[in-house]
Every structure is written in C-alpha cells, then in structure tokens.
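The values are calculated or read from the model by the stated rules, or taken from the named source; none is laboratory data. None of the values given here were measured: they were computed from a predicted structure. Ideal geometry is used to build each Cβ from the backbone, glycine not excepted, and the neighbour counts take in all protein chains shown.
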C-alpha cells in the first residue's frame, strides 16, 4: 500500500491561488502513484503500460485545465477583495457597456422619486448619443427639468446606431419618471418600451440595444402600451406588462 507523505489539508486551501498549487501537487501525487504501481505490477502485462500511458496523458490534461482556470476563469481565481470588485462591473446588453452595479441593486423601492428642478432624478436616465434625434431628446428632457447623467452609444463596445428606438425601463426605476420620459419619446418616433431585470435595474435607457426582435418590447402604439401609460395602472401592473415581453427574450 502506498502512503501519502504530504497529504493536502483541504481546510487550509482558502485562496484561489492555493487551489492551483493543490492541483499541481495532486498531479505529482497521482502520477507518482501510477508510475510506482507500474513498477510493481508483473501481471497482467498490459497493466503497467496502461498506468504509464495514463500518467503521460495526465500531464497535458492537468496543464490544459490550469490554463483554462488562468484565462477564462481568471476573475474567479482572484482574491475575494479583487473578485468582489469584478462582480460590481457587469456587461449590459442594453447599453453595450460595462456598468457598475449599485450596492442597493436588489433593494426594494420604498417610494417613487418625484421629478424636481434639483435634478435628483437625472441619475436614472442614460441616453444613446448615436440616435439621430439625440439633440431633440435632450431638449425634450430639458423641458421636464431632466437631463441624462450618462450617455452611451459612441462609448459602447460596439458603437452603432440601434436599429430601433427603444426606451428600456429597469425594474427598480421610478415609474413616474419613466412615464414622463416615454411621453416625450412618443413624439420622437419611439418604437417601443423594453424591460431590464438584470444590469440596468435602476435606469431608464433611451435608445437601448438588443431589441431587434419585436416580441422583446412593448410596441408603440399598442393596447399594451396604452395600459402602461394609463393613470390607473399601478407599479405592480406596469412591471407585469413589461415582464410579459421580457420573458419572450431568447
């Protein structure tokens, strides 16, 4: 029986880099066991050869796995503090940018933020500066004492004009502000309204991407859009109408 001289204590493997070291130690231990056993096997004759072949195959296999961990899964192999920063930045399909996720992303909205000249609500609004009517959008928002806090499009990973004029509403965005923005965009040939439950939950994106499929957004005009804008439609019903289209996304 072959005894392990340096067994790996799993409880001491607390950092990702230590996992790589444990893998290498495991490779040495396994291949050492295979080669030692191969030298002791007399019968059957093919047994020793099989163990030697397995030991040889293990080397590129282990190295390929290590390479994969250090490339595709490199963020996951970082220390907790660095990985937490990585998680704070995610890729948004709607803005085609890497965006910082707010710490209170999952928090429930306790009250609607009312429109005011102080610009408190501007942080929710992002606008695509590649839209042909971008200047008109800014002018319309200015009439509401609003302005986008960020622009995207020209700064996106793929800076192209969206094929459709879509306004995306995040599930945590203030609905009263969303309705104000939508009423102005109606006048500027808006195609419809999208819904975001992932990376732009607190934002209203004017000119969002990834809405080429007409089943992925509430078209304007349509009965569903009229229900969204009806004064009697509360927040829960508003989001339920949007989610009906969001669930059709591929």
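Of note:
- Subset tally (residues that are assigned to a loop (DSSP other than H, G, I, E, B) and either in contact with a strand residue (DSSP E or B) (Cβ under 8 Å, 6 or more places away or on another chain) or surrounded by 18 or more Cβ atoms within 10 Å (Cβ to Cβ) (or both)) for the range 184-196: 2
- Extreme residue, farthest from the chain's Cα centre (by Cα), among residues of the range 207-223 that are surrounded by fewer than 17 Cβ atoms within 10 Å (Cβ to Cβ) and assigned to a helix (DSSP H, G or I): 223
- Residues being assigned to a loop (DSSP other than H, G, I, E, B) and either surrounded by fewer than 17 Cβ atoms within 10 Å (Cβ to Cβ) or touching a helix residue (DSSP H, G or I) at 6+ places or on another chain (Cβ under 9 Å) (or both) are entirely absent from the range 235-246.
- Residues (modelled with pLDDT of 90 or more and either touching a helix residue (DSSP H, G or I) at 6+ places or on another chain (Cβ under 9 Å) or not assigned by TED's automatic domain parsing to the domain that holds residue 141 (or both)) located in the range 187-202: 187, 188, 190, 191, 192, 193, 194, 195
- Only residues that are modelled with pLDDT under 95, over 14 Å from residue 95 (Cβ atoms) and buried (at least 17 other Cβ atoms within 10 Å of the Cβ) were counted across the range 156-170, and they come to 1.
- Index of the failed condition, residue 171 passing every other in (1) more than 22 Å from the chain's Cα centre (by Cα); (2) more than 17 Å from residue 146 (Cα to Cα): (1)
- Residues of the range 25-44 that are touching a residue at least 12 places away in the same chain (Cβ under 8 Å), more than 44 Å from the chain's Cα centre (by Cα) and more than 11 Å from residue 58 (Cβ to Cβ): 36, 37, 38.
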